[in-house]
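Below is one structure, written out as structure tokens; the observations come after it.
The values are calculated or read from the model by the stated rules, or taken from the named source; none is laboratory data. Note that the structure is predicted; figures quoted are calculated from it, not measured. Ideal geometry is used to build each Cβ from the backbone, glycine not excepted, and the neighbour counts take in all protein chains shown. The area values use the complete protein model at the heavy-atom level, side chains included, leaving out ligands, DNA and RNA. Shrake-Rupley method; radii C 1.70, N 1.55, O 1.52, S 1.80 Å.
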Amino acid sequence: MELKLEKEPLGKISGDVVVFGVFLDEGVDKALQEPGLELPEAVLKQLTEMAAFEKFKGKSGELLSFYPGDQLPARRFVIAGLGKRDDFANTVRKAGASLARHFGSKEQYRRVCLAIRTNGDASLVQTAVEGWLLGSYSFTLHKTRNEETNPERKPVAELVFVDSAMDDDAFARSSRAGRVIAESTCFARDLINEPACNMTPSRLAQIAASISSEHVQCRIIEEDEAARIGMGSFLGVSRGSHQPPKFIELRYTPAESRYFAAVVGKGITFDSGGLSLKTAQGMETMKYDMSGAAVTLAVVKAIAELEVPVRVLAVIAACENMPGGGALRPGDILTAMNGKTIEVNNTDAEGRLTLADALAWVCKEKPDAVIDIATLTGAVVAALGKIAAGIMSNNEELVAAVTAAGRRGGEKFWQLPLFDEYKESLKSDVADLKNAGSRGEAGSSSAGMFLKEFVDNVPWAHLDVAGTAWTDKEKDELTKGGTAFGVRTICYFLMDKAAKKAE
Ligand code: BES
Ligand code: ZN
Ligand code: ZN
């Protein structure tokens with residue numbers, strides 16, 4: 001799909017559909033008074049009457065259609081509700097997704113033109129493109145009748161933004177950023193949606209290697225080497241599986257760098273719970289327990305493609321949590337890379353065991369910030385549902401920066417505490433700490449406290465996305481299955497850091 005900018009007046013735009021956005025309660029007649037639209041009087045009159053008759057409000061998702069015949073060069077003219085004007089960026093992302101669902105894949109719509117009141121603001125093009133591409137996503141790889149084989153479904157060829165006030169360079173930059181971030185997110189969704197029989201630790205390692213490029217180096221640490229390094233906590237989790245574990249490291253080193261971030265993703269390719277076995281229902285969707293890993297790979301891919309001037313060290317301790325004969329037993333004691341000993345009282349609290357070694361590994365390099373992203377606890381689903389992810393941290397400034405990036409990216413975060421008292425529940429009689437706290441008591445915070453033992457004093461934020469990484473309902477820019485929640489937030493965060501240091 002090509003992304004283009006048109007500066008002609010609305011009345012002169014040709015296309016299979018031209019969409020004119022109207023805000024909630026703005027009034028179609030008033031919106032159409034905007035100078036420079038050059039719509040013929042007769043068309044203005046028809047549109048105004050149509051809107052009044054249909055009681056058009058401008059709610060997001062609301063559409064009014066008009067087939068102008070030879071009155072306009074457009075084949076179809078649509079008035080689309082944009083929703084509330086405040087929080088416009090997120091509104092535009094949702095509008096982009098909803099329009100993509102209407103016009104994005106029908107073969108008669110080759111050239112789709114959007115006049116969505118960007119008013120010279122190129123950042124809105126970025127969010128609209130994100131919404132369009134994310135809303136168009138579907139996972140059809142294993143359907144014999146899929147997008148490619150269905151002749152009635154065809155993605156649009158040209159998505160045109162209509163805005164006479166927009167700068168061409170700004171448009172090119174923003175549309176590209178939107179496309180790269182969205183395509184990387186869809187790449188992550190593909191990894192998450194792929195069943196665990198295919199998306200093994202080895203497959204993840206191969207995919208990580210395929211991201212390497214001039215500025216991206218990939219290193220895979222195999223089991224024997226990981227053992228020599230002392231990653232006993234990570235390797236313990238893998239023992240009950242036939243799949244070999246892979247410790248994946250990606251390094252993006254741009255020519256110029258203004259910030260150094262480490263990103264750590266939880267990469268459990270399937271979480272059966274291990275010997276502390278989950279219920280059938282509890283493990284039904286546990287292929288998505290590598291969402292953090294998928295997001296981490298997508299972030300490196302996007303940041304490298306956009307040549308953002310920040311250094312990124314990305315690490316995934318990938319393995320499968322299975323109850324095979326060699327499996328970790330409740331009561332076993334593991335030694336992590338930083339020398340701490342861990343009594344495993346619950347093998348289903350495996351994510352933190354893998355993250356412990358990954359965090360200790362990246363902290364040795366003293367990055368400016370460490371962000372880990374993990375489908376870590378059922379407790380965060382209980383606390384925040386599927387609406388927001390939990391954020392826990394040892395650094396308030398980092399919380400503010402990540403949360404702000406998330407707000408602009410359309411991903412919500414809510415801070416949960418790391419009070420010292422929560423550490424009590426991780427006390428072990430036989431080792432330095434145990435891996436699971438008391439059931440039903442602040443499970444997300446006690447998991448966070450466990451991770452904190454492995455980050456020294458490096459500024460660190462832990463994102464618990466157990467509730468937001470998967471959805472059963474299509475909504476706005478989210479599609480069924482893996483959401484790849486976090487790609488936008490982390491990319492926006494890193495892009496902010498690059499921009500700030502440039503001042
Ligand atoms: N992968 C799960 C967390 C999870 C639960 C993700 C539901 C998505 C949806 C994690 O490994 C886990 O099983 N956590 C346990 C920890 C407990 C045993 C301390 C949990 O949350 O129940
Ligand atoms: Zn688990
Ligand atoms: Zn898990």
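Give the carbon-plus-sulfur fraction of the accessible surface of region 2-166 in %, rounded to a whole number; probe 1.4 Å, heavy atoms of protein chains only.
Values: 3910 of 7920 Å².
Roughly 49 percent of what the probe reaches on region 2-166 is carbon or sulfur.
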Between rounded, prolate and oblate, where does region 46-146 land on the alpha carbon gyration tensor, with a ≥ b ≥ c its root eigenvalues, rounded for a/c under 1.5, else prolate if a/b exceeds b/c?
-> oblate
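What do the square roots of 5 times the Cα gyration tensor eigenvalues come to for the chain, in whole Å, largest first, as semi-axes of the equivalent ellipsoid? Can you show the working numbers first?
On the way: eigenvalues 425, 94, 85 Å².
Taking √(5λ) for each eigenvalue gives 46, 22, 21 Å, largest first.
Quick one: if the Förster radius is 45 Å, what FRET efficiency do residue 12 and residue 140 give, using the C-beta to C-beta distance and rounding to 0.05? Please report the intermediate quantities before stating the final value.
Values: r = 38 Å, r/R0 = 0.84.
Efficiency at R0 = 45 Å is approximately 0.75.
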Considering only DSSP beta bridges with both partners in the chain, what is the antiparallel share in %, to the nearest 5?
-> 40
Rounded, prolate or oblate: which fits region 226-383 when a ≥ b ≥ c are the square roots of the eigenvalues of the alpha-carbon gyration tensor, with rounded for a/c under 1.5 and prolate only if a/b beats b/c?
-> prolate
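Which value, in Å², gives the accessible area per residue of the chain when a 1.4 Å probe is used on the protein heavy atoms?
Working: 20960 Å² over 503 residues.
With all protein chains present, the chain gives 42 Å² per residue.
Tell me which trypsin sites (Lys or Arg not before Pro) from region 405-445 have a DSSP coil assignment and no more than 15 other beta carbons within 10 Å of their own.
Working: sites: 407, 408, 412, 423, 427, 434, 439; in loops: 427, 439.
Qualifying residues, ordered by number: 427, 439.
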Given the C-alpha centroids of region 405-461 and region 297-315, what is the distance between them in whole angstrom?
-> 26
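Leaving out ligands, DNA and RNA, and with a 1.4 Å probe, what % of the accessible surface on region 191-326 is carbon or sulfur? If you can, show how the numbers build up before the last one.
Values: 2400 of 4840 Å².
Result for region 191-326: 50 percent of the exposed heavy-atom area is carbon or sulfur.
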Cross-link pairs beyond the 26 Å C-alpha cut-off, checked among 30/55; 84/266; 340/423; 7/480; 412/475; 287/475 | 84/266; 7/480
Counting sequence-distant residues (5 or more places) and residues on other chains, those with an amide H built under 5 Å from that of residue 106 are 154
Cα gyration tensor, region 365-432 - rounded (a/c under 1.5), prolate or oblate | oblate
If every Lys and Arg gets +1 and every Asp and Glu gets -1 at its Cβ, then about the Cα centre the chain yields a dipole, in debye to the nearest 20, of 580
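Could you work out the helix-only [θ] at 222 nm for the chain, with each DSSP H run of four or more residues adding -39,500 (n - 2.57) and the total divided by the number of residues, to the nearest 500 deg cm²/dmol? Can you show the working numbers first?
Working: 15 runs with 176 residues, N = 503.
Estimated from H runs of four or more residues: -11000 deg cm²/dmol.
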